[in-house]
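*Asks:* Could you have a look at this structure, given as structure tokens, before my questions?
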Amino acid sequence: MNSQQAKEPPTPGASPLPYVNVQITRGASRQQKAEIVKDITDSLVRVLDKKPEHTHVVIQEIDDENWGFSGMLTDDWKVAQAGTSSDER
């Protein structure tokens, strides 16, 4: 293509390199993380026709004290839920 020819605009979603970042709190086993990677990869292949060998899935494990949920740090929330569960018995 010479510089005078118009370039076609990129097709939306045509990126050859899918990158998925999954953030979870700590505690998943290696087997569970492998299943997450496989399921995400399989979905991108099925839904977007992406090649598995071009698909990257990164799992980041976050400490409970560094994750907020429902207006609280997750470690505090879990303690509160444990107290609620025992109070309901």
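*Asks:* Can you tell me which residue in the stretch 25-45 is modelled with the highest pLDDT, limited to those that are loosely packed, with under 15 Cβ neighbours inside 10 Å and in a loop (DSSP other than H, G, I, E, B)?
*Replies:* Among those residues, the one meeting the criterion is SER29.
*Asks:* Here's another thing I want to ask about it. Run down GLU53, GLU65 and say which single residue is without any contact (Cβ under 8 Å) to a residue 24 or more places away in the chain and either in a loop (DSSP other than H, G, I, E, B) or closer than 28 Å to GLN81 by Cβ (or both).
*Replies:* One residue alone meets the criteria, GLU65.
The values are calculated or read from the model by the stated rules, or taken from the named source; none is laboratory data. Just so it is clear, the model here is predicted, and its values are computed rather than measured. Please note: Cβ atoms are built from the backbone with ideal geometry, for glycine as well, and neighbour counts cover all protein chains shown.
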